[in-house]
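Here is the structure we will look at.
The values are calculated or read from the model by the stated rules, or taken from the named source; none is laboratory data. Model, not experiment: these values are computed from the prediction. So basically every Cβ, Gly included, is an ideal-geometry build from the backbone, and we count neighbours across all protein chains shown. Just the protein is used for accessible areas: all its heavy atoms, side chains included, with ligands, DNA and RNA removed. Shrake-Rupley method; radii C 1.70, N 1.55, O 1.52, S 1.80 Å.
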Amino acid sequence: SKLAALFEHPLYNTPVPEVTEKDKLFVVNPMEKFSLHSSGSDEWVSSSKAEALLPTGKTAYDTYPTWLKFHIGINRYELYPRRDPLLPTLLRDLATQRIVSSVQKSGGTQLKLIMTFPNYGQALFKPMKQTRDQETPIDFFYFSDFERHNAEIAAFHLDRILDFRRIPPVSGRLVNITKEIRDITTDKKLAKTFFISPAGNICFYGECSYYCSTEHALCGKPDQLEGSMAALLPDKTLAKRRSWRSPWRRSYHKSKKAEWELNPNYCAQVRETPPYDRGHRLLDLIDMAILDFLMGNMDRHHYETFEKFGNDTFLLHLDNGRGFGTHSRDEPSILAPLQQCCSIKKSTYLRLQLLATQPYRLSDVLREALAADPLAPVLAEPHLQALDRRLGKVLLAVGHCLAR
């Protein structure tokens, strides 16, 4: 296994800073047992107030479902640890746990559903919009592209292979539109949009600002539909997140250009603007640009951080559905933060060099990681080949900076 060998490599075993209580997203009393409120509400309550306890393990922590352990493990430095024993279980839960509720997620240009499991865990379901071998048409603007379920799955694994670990776990899943969406939804607006197509397939389209109409309906075969299931982050009422506008955001206008596209010295002014004027925020942004370039994702207008950790923490790489749309061409402008600032984390650079070598070739390790997903093959082969080509271009850009 190239993947196992990669994770054994010294570059993937560098020590993480010591995590103190103030570095944890949640501070939990380890003696406190938690239980599901038997009244049927989806609250977690202290066992002293609960009417019925879950089967208890040796410690209270053993009684928590995997999604709750994932939330409790989040800290200032990482969304989940490198050798996270929870990861296989969490991915399996996303793929197999019974769905007890599905409602449409509000906001956004395309339809997404929130699925709830019997243990009160929740996942964000993005349905399949296009097949593996379809490429985004060359005349499409990036902001009118579809969001792809397989891009969400591949982005999670790629982010882990780069050792960023800033994307919540995602698994592919085959969902039964009739039993797991239509028959159990309490969302009246969503319920009104189901119909049977002329081909006899069950379809629905939901309500949203852009791609929710009968022309963009999602149809099963006859009611089986592929999608990505992403573990949800803790509710914002429990863990506030701050949304930051990316300095290299595109103009989202059909003819106007953004300032960074016109000013070659743009990075100089970013470096003087908080929070990029100190700490590692700018370097984290460059990490994100490299991830986006490898995936071909042009749609990174915002990023988020957990408010509790202030400016000294990692960036969350959320919403990656517009990646992996084209394999036949690369978009060099995505690398603008790297090229204009000529800065990169040494650890990131060393890992990129490693992933360009034969024993740990990026396409090989990602192919292996994706082979375990229920919807494998997740990416068409040309997308995997494109990763190696793009990685070469990232290293070339760093080489130009070093020469300068």
Q: Using only C-alpha atoms and all pairs of different ones, pull out the Kirkwood radius for the chain in Å with one decimal.
A: 22.6
Q.
Springs between alpha-carbon pairs under 10 angstrom, Gaussian network model over the chain: which of ALA155, ALA231, ALA268 fluctuates most?
A. ALA268
Q.
Counting only Cα atoms, I'd like the Rg/Rh figure for region 191-237, Kirkwood definition for Rh.
A. 1.10
Q: May I have the convex hull volume per residue, in Å³, for the Cα set of region 357-397?
A: 59
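Where does the chain land at 222 nm, in deg cm²/dmol rounded to the nearest 500, when only DSSP H runs of n ≥ 4 count, each adding -39500 (n - 2.57), divided by all residues? Intermediate results must be reported in sequence, preceding the final value.
Working: 12 runs with 116 residues, N = 404.
After summing the helix terms and dividing by residue count, I get -8500 deg cm²/dmol.
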Q. How large is ³J(HN,Hα) for each residue in region 226-233, as worked out from phi by the Karplus curve 6.51 cos²θ - 1.76 cosθ + 1.60 (θ = phi - 60°), to whole Hz, x for Gly and Pro?
A. 6, x, 9, 10, 9, 4, 6, 6
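Before anything else, pin down the relative contact order of the chain: Cα pairs under 8 Å, at least 6 apart, normalised by residue count, whole percent.
On the way: 670 pairs, mean separation 69.8, N = 404.
After rounding, I find 17 percent.
Which FRET efficiency value, to the nearest 0.05, is calculated for THR89 and GLU368 with the Förster distance at 25 angstrom and r the Cβ-Cβ distance?
0.80
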Q. Among ALA376, GLN340, LEU362, which residue has its Cα positioned farthest towards the positive end of the charge dipole of region 325-396, with +1 placed on the Cβ of Lys and Arg, -1 on the Cβ of Asp and Glu, and the dipole taken about the Cα centre?
A. GLN340
Q) When the Debye formula is applied to the Cα atoms of region 83-230, each taken as the same point scatterer, what base-10 log of I(q)/I(0) results at q = 0.09, 0.14, 0.20 Å⁻¹? A) -0.29, -0.70, -1.34
Q) Of the accessible area of region 195-284, with the probe set at 1.4 angstrom, what percent is carbon plus sulfur? A) 50
(Q) Just the number please: accessible area per residue for region 215-261, 1.4 Å probe, all protein chains included, in Å². (A) 60
Q) Considering amide H positions built from the backbone, and no H for Pro or chain starts, which residues 5 or more places from ALA258, or on another chain, come under 5 Å of its amide H? A) SER251
**Q.** Those aspartates and glutamates that a straight Cα-Cα span of less than 15 Å connects to LYS257, excepting residues fewer than 8 apart in one chain
**A.** ASP299
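Out of region 209-271, which chymotrypsin sites (Phe, Trp or Tyr not before Pro) are coil in DSSP terms and have no more than 14 other C-beta atoms within 10 Å?
In loop regions of region 209-271 (DSSP not H, G, I, E or B), the sparsely surrounded chymotrypsin sites (Phe, Trp or Tyr not before Pro) are TYR210, TYR252.
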Q. Between ARG242, ARG82, ARG148, which gets the highest mean-square fluctuation from a Gaussian network model of the chain, Cα cutoff 10 Å?
A. ARG242
Q: Quick one: compute the contact order of region 72-186, relative version, from alpha carbon pairs under 8 angstrom and 6+ residues apart, as a percent.
A: 31
**Q.** Nonlocal amide H pairs with GLY172, under 5 Å, H built at 1.01 Å
**A.** MET229, LEU375
Q: Return the sequence-ordered ³J(HN,Hα) values of region 306-318 in whole Hz as given by the Karplus equation 6.51 cos²θ - 1.76 cosθ + 1.60 applied to θ = phi - 60°, using x for Gly and Pro.
A: 6, 4, 3, 8, x, 8, 9, 7, 7, 9, 7, 9, 9
Q: Would you calculate the separation in nanometres between label points at GLU215 and SER347, each defined as 7 Å from the Cα along the Cα-to-beta-carbon direction?
A: 4.8
(Q) List the GluC sites (Glu not before Pro) within region 193-280 that DSSP assigns to loop and that have no more than 14 neighbouring Cβ atoms inside 10 Å. (A) GLU207, GLU272
Q. Near LYS24, which lysines are there with a Cα under 22 Å away, not counting those fewer than 8 places off in the same chain?
A. LYS33, LYS69, LYS236, LYS240, LYS308
Q. Given a cut-off of under 8 Å on Cα pairs at least six residues apart, what relative contact order in percent is computed for region 276-335?
A. 44
Q. If you wrap a convex hull around the C-alpha atoms of region 274-393 and split its volume per residue, what is the figure in Å³?
A. 127
**Q.** Note, ³J(HN,Hα) from phi for region 359-367, Karplus 6.51, -1.76, 1.60, rounded to Hz, x at Gly and Pro
**A.** x, 10, 3, 3, 4, 5, 6, 5, 4
